[in-house]
Amino acid sequence: MNIWIIMLIAGLLTFTTRLSFIFLLDRIKVPDWFRRGLRFVPVAVLSAIIVPELTSPNGTLLISWHNPQLLAGLVAILVAWRTKNVLLTIAAGMAALIVFQVVLGL
Amino acid sequence: MIAKTRKQEFWSGVWDEAPILLGVAPFGLLFGALAISVQLSNLAAQAMSSIIFAGSAQFIAAQLIGSGTSGLVVLLVVFVVNLRHALYSASVAPHVRNLSPGWKLLLAYLLTDEAYAVTITHYTREGDSPDRHWYFLGAGLTLWSAWQASTAIGIFIGAQIPANWPLGFVLPLTFIALVVPALRDRAGMAAACVAGLVGLLAANFPYKTGLLLAALIGIVTGLVIEGRQK
């Protein structure tokens, strides 16, 4: 298959997936639990992205004091919880990552 | 609370998306450099960033194309990797239902992980401006521009990034900053904890299927806990 055809179809598939429920939700009848479930989408998806980034930063699971990403992530969670401030959370998390990397000699 | 004007909404979307760019730009550079290294033409590499416009799927697609994988397999993989966007689509759908078809098409095109994360946070906060889709547009266009620009730089200059470059860590940090304050009740906490745990256990599943599975199990957990509390 020509690479341009692959890209065009891949783009169309991606776009259709993103459009799917934006287009469909008013047109089809969805069960009540489906609508109630929507409020859990952001916390569930983002948590499922965050946790492996912290626990397996290099592709292998590492839950230990020698994992600077995990320690810095815990610092960030604490700062986010106390301050609810996005920029402060990012700054604290990055600073913690650098400190832990230096302390752990990575 | 006075509703923000369209202009204010647009620029707060731009502003809130901006920190994420620190984490996204290195990936754009890497993608541009990778696409060239697997013998994609400059034009094809750049076109992939604007036609597909989905980071993880582009990395995998470029690698598969480079290794001579059949087109159908590439398409199947791209589809599976991007399935999580259907969840984002369902999640933003109630907020954009009254918009014109043109707006819906445009916002669907811009619905990436990073734009979704800040936009859904904005939508679910207090306040009910009728022009919040301008925020979505601001966030989406900001990410789009950065992705195109960083791809181009990666293509023409290459990705001069050291191996232990830490800026990619801005992405999970931003998501932490968005999720943690949104955990207001037990059902939401349970959804987040279970999704995180399953995500950890399924981290090595291929093509982001672990992420999708974790999110779905987390959502069901939230529903079950919410149902039991009533």
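Tabulated results
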| quantity | calculated |
| --- | --- |
| Residues (more than 19 Å from B:Val38 (Cβ to Cβ) and not in a helix (DSSP H, G or I)) located in the stretch B:66-87 | B:Asn82, B:Leu83 |
| So B:Ala47, is it part of a helix (DSSP H, G or I), at pLDDT 95 or above, aliphatic (A, V, I, L, M) and under 24 Å from B:Thr124 (Cα atoms) | no |
| Residue in the stretch B:155-167 that is crowded, with 19+ Cβ neighbours inside 10 Å, more than 7 Å from chain A (Cβ to nearest Cβ) and touching a residue at least 12 places away in the same chain (Cβ under 8 Å) present | yes |
| Number of the exception - B:Ser37 against (1) free of Cβ contacts under 8 Å to residues at least 60 places away in the same chain; (2) crowded, with 20+ Cβ neighbours inside 10 Å; (3) among the small types (Gly, Ala, Ser) | (2) |
| Residue that is at the interface with chain B (Cβ under 7 Å from one of its Cβ atoms) and either under 30 Å from B:Leu43 (Cβ atoms) or surrounded by fewer than 22 Cβ atoms within 10 Å (Cβ to Cβ) (or both), where the choices are A:Leu46, A:Leu38, A:Leu54 | A:Leu38 |
| Filtered residue count, the stretch B:168-218, keeping only those that are more than 16 Å from A:Ser56 (Cβ to Cβ), more than 7 Å from chain A (Cβ to nearest Cβ) and of a type outside the set (A, V, I, L, M) | 5 |
| So B:Ala139, is it touching a helix residue (DSSP H, G or I) at 6+ places or on another chain (Cβ under 6 Å), crowded, with 23+ Cβ neighbours inside 10 Å and free of Cβ contacts under 8 Å to residues at least 24 places away in the same chain | no |
| Matching residues in the stretch A:26-35 - criterion: being hydrophobic (A, V, I, L, M, F, W, C) and either within 20 Å of B:Thr121 (Cα to Cα) or more than 7 Å from chain B (Cβ to nearest Cβ) (or both) | A:Ile28, A:Val30, A:Phe34 |
| Scan of the stretch B:123-150 for residues that are within 12 Å of chain A (Cβ to nearest Cβ) and at pLDDT below 95, ordered by number | B:Tyr123, B:Thr124, B:Arg125 |
| B:Gln58 being within 18 Å of A:Met1 (Cβ to Cβ) and either aromatic (Phe, Trp, Tyr) or modelled with pLDDT of 95 or more (or both) | yes |
| Flag if A:Leu12 is surrounded by fewer than 19 Cβ atoms within 10 Å (Cβ to Cβ) and free of Cβ contacts under 8 Å to residues at least 40 places away in the same chain | yes |
| Residue that is farthest from B:Ala195 (Cα to Cα), among those in the stretch A:14-63 that are touching a helix residue (DSSP H, G or I) at 6+ places or on another chain (Cβ under 9 Å) and of a type in the set (Ser, Thr, Tyr) | A:Thr16 |
| Condition check for B:Val96: out of contact with any strand residue (DSSP E or B) (no Cβ under 9 Å at 6 or more places or on another chain), under 17 Å from B:Phe136 (Cβ atoms) and not assigned by TED's automatic domain parsing to the domain that holds B:Ile219 | yes |
| Checking B:Gly199 against (1) surrounded by 23 or more Cβ atoms within 10 Å (Cβ to Cβ); (2) closer than 17 Å to A:Val75 by Cα, the condition it does not meet | (2) |
| Qualifying positions in the stretch A:62-84 - modelled with pLDDT under 95 and more than 7 Å from every other protein chain (Cβ to nearest Cβ) | A:Leu62, A:Ile63, A:Ser64, A:Trp65, A:His66, A:Asn67, A:Pro68 |
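The values are calculated or read from the model by the stated rules, or taken from the named source; none is laboratory data. Treat the numbers as computed from the prediction; the structure is a model and nothing was measured. In this analysis, Cβ positions are derived from the backbone assuming ideal geometry, glycine residues included, and neighbour counts consider all displayed protein chains.
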